[in-house]
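The structure appears right after this line, and notes come after that.
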Amino acid sequence: YISVTGVQTCALPISQASQEAVKEMSNSMFGINADKRSRYFDPLIAEAITVTGQLMNRTTMHILEKMGYPVIYGDTDSIFTYMDSDVEMKKVTEELNNKLSKYLTKRYAVQGDIILLEYEKKFRKFLMLDKKRYSGHMTMIDDKKVDNLLSKGTENVRKNTIEYSRQKVDECLRLITKKDKDAKYMKNWVKKIKAEILTEEIAPEDLAI
């Protein structure tokens, strides 16, 4: 599974560091506009920012689906779809950006800055649990090979999860996504966890938040 994502606000390629700087400043500006205690508080601007983000995301998802590629998930500034190869993904990303640019120019008369998408992450195996809750075996990020478990919103990365649960959920996700264990294996694994909880002594610090 492959993720297409991007927050590039310039017609020309810019460095990852520059993108991060722009993103941080943009987020800070949104926070100031949305904070009632700020002298720059303006709910109309704050709402316009979030609505524009939603519009861009849905528009991009619609274009991608019209190109024949199903969207697994899309939220905020990213879209998840699947492809057969990196070559195909890069071609699709280029075509998607061209179609998006033409649409924005025609619909909103945008002349300069265009939001461009970039091929950012690739997952070999991916679990979509719920909105903003997913985990997968990531094999590439920013054109660099990696071998990581990336989790968002799941109990193994949440701060309000007890240590014992965090460790077991992390182990569970790794067994499924990285080691490709089947349903039979996982059922037996869950039975062992149950037996461990009922029969063995668990350290108090592993049960505290």
TODO: Exposed loop GluC sites (Glu not before Pro) only (DSSP loop, at most 12 other Cβ atoms within 10 Å): please give the longest stretch of the chain free of them, not including the sites.
DONE: 1-199
Open item on the list: At 222 nm, what value in deg cm²/dmol follows for the chain if DSSP H runs of at least 4 each add -39500 (n - 2.57) and the sum is divided by all its residues, to the nearest 500?
Closed with: -16000 deg cm²/dmol
- [ ] Positive end of the charge dipole of the stretch 48-95 (Lys, Arg +1 and Asp, Glu -1 on Cβ, about the Cα centre): tell me which of TYR82, THR59, ILE72 has its Cα farthest that way.
- [x] THR59
- [ ] Round to the nearest 0.05 the FRET efficiency obtained for ILE162 and ALA183 when R0 = 22 Å and r is the Cβ-Cβ distance.
- [x] 0.25
Task: Subset of LYS145/LYS179; LYS102/LYS152; LYS132/LYS168; LYS125/LYS152 violating a 24 Å alpha-carbon distance limit - done: LYS102/LYS152
Task: 10 Å Cβ shell holding at most 11 others, DSSP loop, trypsin sites (Lys or Arg not before Pro): longest site-free stretch of the chain - done: 40-130
Open item on the list: Going by amide H atoms built from the backbone, whose H comes under 5 Å of the H on MET83, apart from near neighbours?
Closed with: ILE2
Open item on the list: For the chain, take the longest principal axis of its alpha carbons; what is the angle in degrees between that and the long axis of helix 16-34, to the nearest 10 within 0 to 90?
Closed with: 90 degrees
TODO: Calculate the radius of gyration of the Cα atoms of the chain to one decimal place, then report Dmax, the largest Cα-Cα distance, as a whole number, both in Å.
DONE: 20.9, 68
- [ ] Give the carbon-plus-sulfur fraction of the accessible surface of the stretch 88-209 in %, rounded to a whole number; probe 1.4 Å, heavy atoms of protein chains only.
- [x] 51 percent
TODO: Using only Cα atoms, tell me the angle between helix 183-199 and the longest principal axis of the chain; keep it within 0 to 90° and round to the nearest 10.
DONE: 60 degrees
Open item on the list: With every protein chain kept in place and ligands, DNA and RNA left out, what is the accessible area per residue of the stretch 33-139? Probe 1.4 Å, answer in Å².
Closed with: 63 Å²
Task: Length-normalised contact order of the chain in % [C-alpha pairs under 8 Å, at least 6 apart] - done: 20 percent
TODO: Would you kindly compute the Cα radius of gyration of the stretch 81-156 and its largest Cα-Cα separation (Dmax), both in Å?
DONE: 15.6, 45
Task: Test item: Cα-centred dipole of the chain, Lys/Arg +1 and Asp/Glu -1 on Cβ, debye - done: 520 debye
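The values are calculated or read from the model by the stated rules, or taken from the named source; none is laboratory data. Every value quoted in this text rests on a predicted model; they were computed, and no experiment measured them. Neighbour counts are summed over all protein chains in view; Cβ atoms, including those assigned to glycine, are modelled from backbone coordinates with ideal geometry. Accessible surface areas use protein heavy atoms only, side chains included; no ligands, DNA or RNA. Shrake-Rupley method; radii C 1.70, N 1.55, O 1.52, S 1.80 Å.
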